[in-house]
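The structure that follows is given in the form of structure tokens.
What follows draws every value from the coordinates through simple rules; no lab data is involved. The structure displayed is predicted, hence computed values, not measured ones. Because the Cβ atoms are built from the backbone with ideal geometry, glycine has one as well, and the counts that use them run over all protein chains shown.
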Amino acid sequence: MKRGIGDNGRLALKLAGVTVAMFAFGFAMVPLYDVFCELTGLNGKTGRAEVAQAAAMPVDKSRTVTVEFLASLNQSMNWGFAPAVASATVHPGEMRTVHYRVNNRHDRAVTGQAVPSVAPGEAAAYFRKVECFCFTRQQLGAGEAREMPVRFVVSPDLPAHIHTISLSYTFFDVNRTASAAGARGNS
Amino acid sequence: MSAVMVDDHHHDGPDSGIKRWICTTNHKDIGTLYLWFAMIMFFLGGLMALVVRAELFQPGLQFVDPQFFNSMTTMHALLMIFGVVMPAFTGLANWLIPMMVGGTDMALPRLNNWSFWLLPFAFTMLLATLFVPGGAPAGGWTLYPPLTLQTGAALPLLIFAIHLMGMSSIMGAINVIATILNMRAPGMTLMKMPMFVWTWLITAYLLIAVMPVLAGGVTMLLTDKYFGTSFFNAAGGGDPVMFQHIFWFFGHPEVYILILPSFGVISMILPTFARKPLFGYNSMVYATASIAFLSFVVWAHHMFTVGMPLAAQLFFMLSTMLIAVPTGVKVFNWVATMWRGSMTFETPMLFAIGFIVLFTIGGFSGLMLAIVPADYQYHDTYFVVAHFHYVLVPGSIFAIMAAVYYWLPKWTGHLYNETLGKWHFWLSTIFVNLTFFPMHFTGLAGMPRRIPDYALQFTDYNMLASIGAFGFGLAQLLFLYIVVATVRGGERATDRVWDGADGLEWTLPSPPPYHTFTTPPQIR
């Protein structure tokens, strides 16, 4: 009872400090989420690999994996977008290049960003891309068409019960995203 | 010396007129303001629910267009959560905590005034969205992007309203903690505090921990919409699912913010009318703390269907089920408190027993939802609607009503009309079950939530639910009448009011003087 206003003020300041820290924590969840997804392969975020790394992987000739290719567009985009082949059968550890075809049906230049996803999520960490059109933005002039490569390798560590992997890309119109300031890279 | 006496006297009573309410730093005045604010919002939010139920009385589109229907579900939720349950509990905390711990007032009285007066501005802003181009927010109170980002001019108003509500409840929480830790009378040790004070102390810590996270999340929505960031925009490298993680990291502790003070209220009322001390006081304190702790590690059970690895689903399923253990301890202790007590069934006791039975039903449906494979079927159906309305309406709302009936004679000095109180209880209980029980069945049969139309086979149950909703709504007018009548007059209440009541607030006169415990009470 005989405690002064100082006690209350100090406690209130400490608690306000906790509030500020929790506000910051909310924002810290953004990079934490990315790191967590990358480490665990959750959320279908795929891994990357350097050419040398991929070439050094032992090829597991004893089994094959079917990789299915899917393409979709965000509703605002009027592009043609499809894989050149619907699926490919590969051995784990074997490097493979496939192509996606894209053409811009707008009468103006449009910049798109492809966002990949791999299903099942469990396979995402074993699906390594060496080269991909999703690493950078794709700018297409009015009516321009392009063939875009994806070079990938499925790691030989892939769990034995996975026989099919689906790789899908969705193209988003980045002209609609006002600035690139907040953009983070796709892998 | 006499000058000092005169000066003291001057500050004894409140200012007169409207200034009393605007400038007040008195915990009783601010408690009253919070409670009346919650009452107004209760009727506004209820009206929105009745728009929803009127539309759902029959299949097909009758009264409102789907966009407005969606606005009604969204606004109903926001009003009931942030405008009714949270302010009502803060109002109870203001009125009761200083009296219960034998303090003079809240620790930070001016902050207290500010906490309250942010709310009318926040809700004016929120309600103003009904009149802006594009209409009120209609993407659900969970504000998931990208849908929520399609909101029109209402979005910034909504987000700033949430910021203000958050600031209000954080400041309220800081005040509660400072009051409980610093303003207790000598001899009022932590483990002697009434359960209501304990549950509020833990709730206040939850508020401080999670309201800022919500503020951060909605700020990201704001910058995504207007400043070109890509926190939740896949094209820019963001991820909409991340919002769900951020939101439910706030959202799950939030549901305990809405229920823990109810546990406190029930733990105060049962011993009075069973005329026995609370069974297992210590285990009640530890159970409350465990529930609060566990609430931080279960959030993803709201989003089992987004696609999670098995390990994560199992973790969140099991941690969610673990919460049933401390909750079970509480229900057990309440039943044990009543066991062989000489019980009487005045209105507060009726509401408290109604709470225990109906909240437990809501708890059980929660356990069913926690089971991952079952949740895949229940997700986003009326089964979920039935579940959370069982824990919030006959849960939190019944506890608030029990508290109002229990302490209203203390606050006003008048006894409420017991006959009308009992009518209010029975009408509310019958209609609340008529409203929400059929939703279990429609949900299990696959009726999706947040849709203004439904398949024909759900018609009968929806009609029952709508009849129940209108009955429940009308019964609350009785509640308003009882409260107003009791404030205006009635039989004089004694100081102790209830012959089984125990606690410092009952040693004060009814109504208590404007300033209480200026000399600290003796704690036995």
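Could you name the aspartates and glutamates whose alpha carbon sits less than 18 Å from that of B:LYS225, not counting residues in the same chain fewer than 8 places away?
A:ASP173, B:ASP239
If you don't mind, another one. Would you mind checking which residues have amide H under 5 Å from A:ALA49's amide H? H placed 1.01 Å from N; only 5 or more apart, or other chain.
A:LYS129, A:VAL130
So what are the range B:190-318's ellipsoid semi-axes, whole angstrom, largest first, if each one is the square root of 5 times an eigenvalue of the alpha-carbon gyration tensor?
Semi-axes (√(5λ), whole Å): 38, 17, 10.
What average count of beta carbons from other chains do you get within 10 Å of the Cβ of residues in B:206-212?
That works out to 4 on average.
Once you wrap a convex hull around the alpha carbon atoms of the protein assembly as shown, what is its projected area averaged over all directions, in nm²?
Mean shadow area of the hull around the Cα atoms is 35.6 nm².
Evaluate the relative contact order of the range A:44-182 (contact order divided by residue number), counting alpha-carbon pairs under 8 angstrom at least 6 apart; express in whole percent.
It rounds to 35 percent for the range A:44-182.
What's the long-distance tail for the range B:7-128, i.e. % of Cα pairs beyond 16 Å?
Cα-Cα pairs in the range B:7-128 separated by more than 16 Å: 67 percent.
Report the relative contact order of chain B, percent, no decimals, based on alpha-carbon pairs under 8 angstrom and at least 6 residues apart.
17 percent
Once every Cα of the range B:80-124 carries one equal point scatterer and solvent is ignored, give the base-10 log of I(q)/I(0) from the Debye formula at q = 0.14, 0.15, 0.22 Å⁻¹, two decimals.
Taking Cα atoms of the range B:80-124 as identical point scatterers yields -0.37, -0.42, -0.80.
Could you give me the percent of Cα pairs per 10 Å distance bin for chain B, shortest bin first, beginning at zero and ending with the bin that holds the maximum distance?
P(r) for chain B, in whole percents per bin: 4, 18, 29, 28, 15, 5, 1, 0, 0.
Roughly how many nanometres apart are two label points built 7 Å out from the Cα toward the Cβ at B:PHE332 and B:LEU181?
If labels sit at B:PHE332 and B:LEU181, their model points lie 3.2 nm apart.
Quick one: check the C-alpha center-to-center distance for the range A:45-99 versus the range B:344-395, whole angstrom.
48 Å
If you take all C-alpha pairs in the range B:335-488, what percent of them are over 25 Å apart?
Result for the distance tail: 38 percent.
Take B:THR344, B:THR142, B:THR288, B:THR412 and order them by how many other Cβ atoms sit within 10 Å, fewest up front.
Ascending number of Cβ neighbours within 10 Å: B:THR344, B:THR142, B:THR412, B:THR288.
Now, a different point. Given Cβ point charges of +1 (Lys, Arg) and -1 (Asp, Glu) and nothing else, what value in debye, to the nearest 20, does the dipole of the protein assembly as shown about its Cα centre take?
660 debye
Just checking the output field for A:17-23: average partner chain Cβ neighbours within 10 Å of each residue's Cβ?
Mean shielding by partner chains, rounded to a whole number: 6.
Let me see the pair-distance distribution of chain A: every alpha carbon pair, 5 Å bin width, integer percents in order.
Computed distribution, short to long bins: 1, 7, 13, 16, 15, 12, 9, 7, 5, 3, 3, 3, 2, 2, 1, 1, 0.
For peptide B:171-183, how many partner chain Cβ atoms fall within 10 Å of a residue's Cβ, on average?
Neighbouring Cβ atoms belonging to other protein chains average 4 per residue here.
From the C-alpha gyration tensor of the range A:94-163, pull out the three semi-axes of the equivalent ellipsoid (sqrt of 5λ each), sorted largest to smallest, in whole Å.
30, 12, 9
Another question, if that's okay. Check each of the trypsin sites (Lys or Arg not before Pro) in the range A:58-99 and keep only those in coil by DSSP with at most 10 other C-beta atoms within 10 angstrom; list them in order.
A:LYS61
When every alpha-carbon pair in the range B:411-460 is counted, what percent end up more than 14 Å apart?
66 percent
To the nearest 0.05, what FRET efficiency results for B:GLN150 and B:LEU190 with a Förster distance of 41 Å applied to their C-beta separation?
0.25
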